[in-house]
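The values are calculated or read from the model by the stated rules, or taken from the named source; none is laboratory data. This structure is a prediction, so every number in the text was calculated from the model and none was measured. No Cβ is skipped: glycine too gets one built from the backbone with ideal geometry, and neighbour counts run over all protein chains shown.
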Amino acid sequence: MNKIFLVASREFKTRVQKKTFLLSTIGLPILIFGFYALMIYFQVKTTDNFKVAVSDQSKLFNGKIDDKKSTEVIFSFIDADTAALNKKLNNQEYDAYLFIPNDYNLQSGEPQIAFRSSKALGLMTREKIENRINNALEEKKLLALNISKGQLDSARLENNAISFTTNDGKKDNETKVGISYAVGMIAGFLIYIILFVYGTMVMRGVMEEKVSRIAEVIVSSVKPFELMLGKIFGIGAVGLIQFIIWIVLVFGLQLLIPVLFPDVAAQMQSAPIQPGAMGAATAVKESGALQGILSGLAEINFTLIIGCFVFYFLGGYFMYAALFAAVGSAVNEDPQDAQSLLLPIMMPIIFAMVIMTKAVNDPNSTLAIFGSLFPLTSPIVMMARVAHGVPDGVSVVQLIASMALLVLGFLGTTWVAAKIYRTGILMYGKKVTWKEMWKWAFKNN
Amino acid sequence: MHNILELKNLQKHYATQKAVDDVSFSIEQGSIFGLLGPNGAGKTTLLRMITGIFYADSGDLLFDGKPFDPQNDFVHIGYMPEERGLYKKMKIGEQAMYLAQLKGLSKSEALEKIKFWFKKFEMESWWNKKVEDLSKGMSQKLQFVTTVLHEPKLIILDEPFSGLDPLNANLIKDEIYGLAQRGSTIIFSTHRMEQVEEICDHIILMNLGKKILDGTVTDVKQQFKENKFNVQFKGQPTALVSPIFTIEHQEKQQLILKINEGYNSNHVLNYLLQQDVLIESFNEILPSLNDIFIHLVEGSKATTRAFQNN
């Protein structure tokens, strides 16, 4: 045990002390955040005193779009043809103009109203202009049909006219399903990435030991199995630390958004806690749906999801890391060899990813149930089902069975991998095939 | 003197061949023991069994009088394999600390011993260098230090001098003598026969997985001697014909002769004196280990097997 710890702490220290670790752990989230912040900045950016000249040839609006007193977009009515309007635009008297043709027909909307601006509009400005004009047009149309706005509102169906419930009487609303979908997808995808990134890291570590010929020196003091476990634990710890730092950074940087963009913050209020900036942008767009998202999030059992995430993160990592280590031990100097040997390991991971995309839609399909029980695919697939909650997405029995199978699976792969590893790390100058690895694993030597 | 290591009928099979086939021998504590053999003779497999990396299929291995228990005895063994390396990106000091701690030393013990050895080998300034900045000879020195610094009872060195310049080779050689004097036993595996002759007390020769020769260097030489003598003399050579010996080679003032069966060197001297030859020197020509090695291994299928083995 002491030796496993020694090996693990060496693996951990040498990786954490590298500059690339700092760069990828702290730099990457900041970079991504900065990128999103820039995106929000440009999308959200509103121009104050955006002057729009309105040339209302058909006298549709009677000199007034609506009653709003906005300083952001100012509509001023003038009488001019398009040529004159274009000239004014070029002279920068106005930022944009709206031209309503003389023969404009309110019912058919033909010929179209033209809006022309000197430069491309920011998303927010565009929204504002579009909303105000559309509302004004809608009101005019209703008036033409002799309906008042109040009558229309009372006639509209609320979203919740139909009450969807599941058999056990729980509410099953659309936003919740949507959020479960997103959470399941993100969690499954993260585990997929983890398996690949840290699995390859283990493989590279083993290859390095073999290629640099230190393996034999080490195994004269440490059992190969201890060396392999130490490596897996050490790199696993690196992964865990890296993830914790990422999560802390993401949440921390999230708090920066209100400081940087007071506008957005005002609309977000107590915005949903999800990897931030993109969510913020959509939240701004449909702040009406925000309430729904919030209540949907509240219904999701995050303790369960985070608990399961950590379990399947570690379980999946341990299971695949041992296999990656076995492949690393069989590879000689040529990293090309690794490619062909890796294929059988990558197949189930990719397969799991495919099942996962199906399972988020239909968590109780036969394929999803199989995928979430089979230990090689369960770490990814189960996250998709767990996101839909217990027992909606997955029954307690299945969850426990899946966890137990994963533990057995990882003991199994580790046992097999250890036997391959033991022979492989001391085998030099020979190209190894899967057939031979099979022999190492299952024949006594 | 008691035996640090005893091998009894040790066997190890691979899928296609017997790598080590019924090998027995014992090694006295404090001796320098040479393990010789052509490529693919089974030396590495044998050494891996002695270091606990492989398990024998059958046979007994006694370490210090008790059945070998790799789990606990590894602290008494230092192994420098032929295929050896270091972590390239690690600092030299940290690397030495790591390897020492794996051998069961505590942090403070490890630090103290590393400092002692680094000072001895004038490597103190290396501590913060990375292994990739070292020359081959320098990393070899570091490997030697990490092999012996936990003061193992049994030190196994597989081709320890390959790639070392004569100066550093002598440095290591002196250390080997020193360690043996302080009670460590050294197993020394190499193809370089002149080094074996110089360093080893006792040798065994392996070929095709079997032990084909076992004894002290002097005994082995005696065993393979061909009763050849070298005579140097003064004056004009006369025609020397005698049933006592046959002349193999004759130069102006030198004679190489082989004593025939039933006679000994005194008979030769007697005869030469009677012939009035003025003898300057008279000494026996013993075969070199190299000759013995080639004589024993040549003709076996050793070369073909060496290529099959990898």
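Descriptive notes on the structure:
- Pick from the stretch B:1-47, criterion of a type in the set (G, A, S) and part of a strand (DSSP E or B), ranking: farthest from the chain's Cα centre (by Cα): B:A19
- Across the stretch B:48-67, the number of residues qualifying as part of a loop (DSSP other than H, G, I, E, B), buried (at least 16 other Cβ atoms within 10 Å of the Cβ) and away from chain A (no Cβ under 13 Å) comes to 1.
- In the stretch B:134-157, the residues that are over 22 Å from B:F63 (Cβ atoms) and either of a type in the set (S, T, N, Q) or outside the structural domain of B:L102 (by TED's automatic domain parsing) (or both): B:S135, B:S139, B:Q140, B:Q143
- If you check B:L179, B:L213 for being within 19 Å of the chain's Cα centre (by Cα) and within 25 Å of B:K18 (Cα to Cα), only one passes: B:L213.
- Taken over the stretch B:260-282, the criterion of being touching a residue at least 12 places away in the same chain (Cβ under 8 Å) and either under 27 Å from B:D214 (Cβ atoms) or in contact with a Cys (Cβ under 8 Å, 6 or more places away or on another chain) (or both) is satisfied by no residue.
- Qualifying positions in the stretch B:223-259 - in a loop (DSSP other than H, G, I, E, B), without any contact (Cβ under 8 Å) to a residue 12 or more places away in the chain and of a type in the set (A, V, I, L, M): B:A239, B:V241
- Residue list for the stretch B:218-276, restricted to those being charged (D, E, K, R), touching a strand residue (DSSP E or B) at 6+ places or on another chain (Cβ under 8 Å) and over 30 Å from B:D201 (Cβ atoms): B:K234, B:E248
- Test: residue in the stretch A:214-234 that is assigned to a helix (DSSP H, G or I) and either farther than 30 Å from B:L86 by Cα or at pLDDT below 85 (or both): no
- The condition (being at pLDDT below 90, part of a loop (DSSP other than H, G, I, E, B), within 14 Å of chain B (Cβ to nearest Cβ) and farther than 23 Å from A:F318 by Cα) is satisfied by just one residue among A:V394, A:V432, A:V390: A:V432.
- Taken over the stretch B:77-108, the criterion of being farther than 26 Å from B:A169 by Cβ, within 14 Å of another protein chain (Cβ to nearest Cβ) and in a helix (DSSP H, G or I) is satisfied by B:E94, B:M97, B:Y98, B:Q101, B:L102, B:K107.
- When B:S135 is tested against (1) under 20 Å from B:K211 (Cβ atoms); (2) away from every other protein chain (no Cβ under 12 Å), just one condition goes unmet, and that condition is (1).
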